[in-house]
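The values are calculated or read from the model by the stated rules, or taken from the named source; none is laboratory data. This one's a predicted model, so the numbers in the text were calculated from it and none came from an experiment. Every residue, glycine among them, receives a Cβ derived from its backbone with ideal geometry; neighbour counts consider all protein chains shown. Note: areas computed on protein heavy atoms with side chains; ligands, DNA, RNA excluded. Shrake-Rupley method; radii C 1.70, N 1.55, O 1.52, S 1.80 Å.
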Amino acid sequence: MKIIIVGCGKVGYTLAQQLNDEGHDITIIDTNEGKLDHALSQLDVQAVTGNGTTFRTQEEAGIKDSDLLIAVTGKDEVNLLCCLIAKKSGNCNTIARVRNPEYFEEINYLREELGLSMAVNPEYACAQSIAHLIEVPSALDITVFAKGRVNMLQVKVPEGSAIHHMTVYDFSTKIHGNTLICAIEREHEVLIPDGNTLICSGDNMYIIIPPAEIHHLLTKIGIKAKPIKSVMIVGGGMISYYLASKLNAAHLQVKIIEQNFDICERLSESLPHTMIINGDGSDRQLLLEEGIEDTDAFISLTNLDEENLILSLFANKVSNAKKVTKVDKVAFGEVVDELPIGTIACPKNITAKSIIQYVRALQNS
């Protein structure tokens, strides 16, 4: 497929990289020549320097022959205008990144009026991903397919599990028939299993299963985790707002620690059922006073990766809470993966993954 990406920031570059690896013809539009030069030196893509909201720039990028335009600049208005021009001039599919909560609340109207194929909010998508992990605390990762009808779970086979040294065929006949084991990760090697593949303790299994049957399967495997009732969040950004809204709807006790007083006031007004603490989330004594040792889940969502990592390491030291750590820069993934910081949430990767899912569906259809 021929795809145009407007915006060569974190999300734009990640999209270009992954879509290029899948064999698509990628053209990137950006006003920053430095970012485009970096992309050209690292990726097999084309680049056009210019304003993505002008027909001339889109025409130079080949909009009339393109299958899809993805607008992921830092401004919602620019993204929406890019998609509108692309739809009118090239009649191609369009995807816009929309981060402003006011716009996102009206996204169905905007999608219909502007002819958007898809709208993505990185903060909302990240919050939704974390909420799924809170719902199934024993899962390492959850991906939702078919509008919530099917989930793909990443779970670790515990020591002494009933499925240790069991074949995939026996698993489907004796443990759970309505399950597909699509991959097994063992000692950093990914296996695509057949019926004779053995399952071992310590394996990370990627399982596709209907949501209603998840807890029944995990019980049979021997994975036990108490339901999460209390959640502590450090950082009061948009991800925290969306996440707290979802957790409040599920009747969980949520506490947000934020240093900025103005942000605390806004959160207090918009989240009446959430406890908002105005304080430094990196203050060890404050965390202890607010009950980090007893909380069921600890989520570090500050704007500093280093602070998030330290906070999750501290939570691992003093509590048995389920941990989720926001990390924006994943260049040292092999190091971060070895740390006991729970599940890593990377908004740009979550956004890219949801867009790539759509691109694959579009290509297959």
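Counting the residues of the stretch 160-185 that are open to solvent by 70 Å² or more (accessible area, probe 1.4 Å) and under 29 Å from the mean Cα position of the chain (by Cα) gives 2. Looking across the stretch 314-327, the residues that are open to solvent by less than 60 Å² (accessible area, probe 1.4 Å) and free of Cβ contacts under 8 Å to residues at least 40 places away in the same chain come down to 314, 315, 318, 319, 323, 325, 327. Taking first residues from the stretch 291-311 that are under 21 Å from residue 139 (Cα atoms) and among the β-branched types (Val, Ile, Thr) and partners that are open to solvent by 40 Å² or more (accessible area, probe 1.4 Å) and part of a loop (DSSP other than H, G, I, E, B), the Cβ contacts under 9 Å between residues at least 6 apart in sequence or on separate chains come to 299/342. Would you mind stating whether residue 302 is part of a loop (DSSP other than H, G, I, E, B), touching a Gly at 6+ places or on another chain (Cβ under 7 Å), open to solvent by less than 40 Å² (accessible area, probe 1.4 Å) and closer than 25 Å to residue 228 by Cα? Here the answer is yes, as residue 302 does meet what is asked. Per the conditions (1) touching a helix residue (DSSP H, G or I) at 6+ places or on another chain (Cβ under 8 Å); (2) over 21 Å from residue 360 (Cβ atoms), the sole criterion not satisfied by residue 83 is (2). Taken together, the residues in the stretch 93-108 that are without any contact (Cβ under 8 Å) to a residue 60 or more places away in the chain and either within 20 Å of residue 2 (Cβ to Cβ) or aromatic (Phe, Trp, Tyr) (or both) amount to 4. Considered as a group, the residues in the stretch 13-30 that are within 22 Å of residue 60 (Cα to Cα), open to solvent by less than 30 Å² (accessible area, probe 1.4 Å) and not small (Gly, Ala, Ser) include one that is nearest to the chain's Cα centre (by Cα), and that residue is 15.
Scanning the stretch 215-239 for residues being in contact with a helix residue (DSSP H, G or I) (Cβ under 9 Å, 6 or more places away or on another chain) and of a type in the set (Lys, Arg) gives a total of 2. Residues in the stretch 240-277 that are of a type outside the set (Ser, Thr, Tyr), closer than 17 Å to residue 311 by Cα and either open to solvent by less than 70 Å² (accessible area, probe 1.4 Å) or not in a loop (DSSP other than H, G, I, E, B) (or both): 255, 256, 257, 258, 277.
Has the stretch 57-78 got at least one residue that is part of a helix (DSSP H, G or I), of a type in the set (Lys, Arg) and over 20 Å from residue 1 (Cα atoms)? Walk me through how you get there before you give the answer.
If we filter the stretch 57-78 for residues that are part of a helix (DSSP H, G or I), which is where we start, we get 57-61, 63-65, 76-78.
With of a type in the set (Lys, Arg) added as a condition, the list becomes 64.
From what's left, over 20 Å from residue 1 (Cα atoms): none.
No, that holds for no residue.
Applying the condition of being open to solvent by 20 Å² or more (accessible area, probe 1.4 Å) and of a type in the set (A, V, I, L, M) to the stretch 195-227 and asking which residue is farthest from residue 322 (Cα to Cα) yields 198. Residue 345 passes every criterion in (1) surrounded by fewer than 18 Cβ atoms within 10 Å (Cβ to Cβ); (2) in contact with a strand residue (DSSP E or B) (Cβ under 6 Å, 6 or more places away or on another chain); (3) within 30 Å of residue 23 (Cβ to Cβ) apart from (1). Sub-8 Å Cβ pairs linking a first residue in the stretch 50-66 that is touching a residue at least 60 places away in the same chain (Cβ under 8 Å) to a second residue that is of a type in the set (Ser, Thr, Tyr), at least 6 apart or interchain, are 62/27; 66/27, ordered by first then second residue.
Residue pairs whose Cβ atoms lie under 8 Å apart, separated by 6 or more positions or on different chains, with the first residue in the stretch 185-197 and in contact (Cβ under 8 Å) with a residue 40 or more places away in the chain and the second open to solvent by 70 Å² or more (accessible area, probe 1.4 Å) and part of a loop (DSSP other than H, G, I, E, B), do not occur. Please specify each residue of the stretch 67-91 satisfying the condition of being more than 17 Å from residue 121 (Cβ to Cβ) and either open to solvent by 40 Å² or more (accessible area, probe 1.4 Å) or in contact (Cβ under 8 Å) with a residue 60 or more places away in the chain (or both). Once the filter is applied, which keeps residues that are more than 17 Å from residue 121 (Cβ to Cβ) and either open to solvent by 40 Å² or more (accessible area, probe 1.4 Å) or in contact (Cβ under 8 Å) with a residue 60 or more places away in the chain (or both), the stretch 67-91 yields 67, 68, 69, 81, 84, 86, 87, 88, 91.
The set of residues in the stretch 166-224 that are among the β-branched types (Val, Ile, Thr) and not in a helix (DSSP H, G or I) comprises 167, 179, 181, 184, 190, 192, 197, 199, 207, 208, 209, 223.
So, residue 230, is that one open to solvent by 20 Å² or more (accessible area, probe 1.4 Å) and more than 24 Å from the chain's Cα centre (by Cα) or not?
Considered against the rule, which asks whether it is open to solvent by 20 Å² or more (accessible area, probe 1.4 Å) and more than 24 Å from the chain's Cα centre (by Cα), residue 230 comes out as no.
Among the residues making up the stretch 240-256, those that are farther than 13 Å from residue 324 by Cβ, touching a residue at least 24 places away in the same chain (Cβ under 8 Å) and out of contact with any helix residue (DSSP H, G or I) (no Cβ under 7 Å at 6 or more places or on another chain) are 244, 245, 248, 250, 252, 253, 255.
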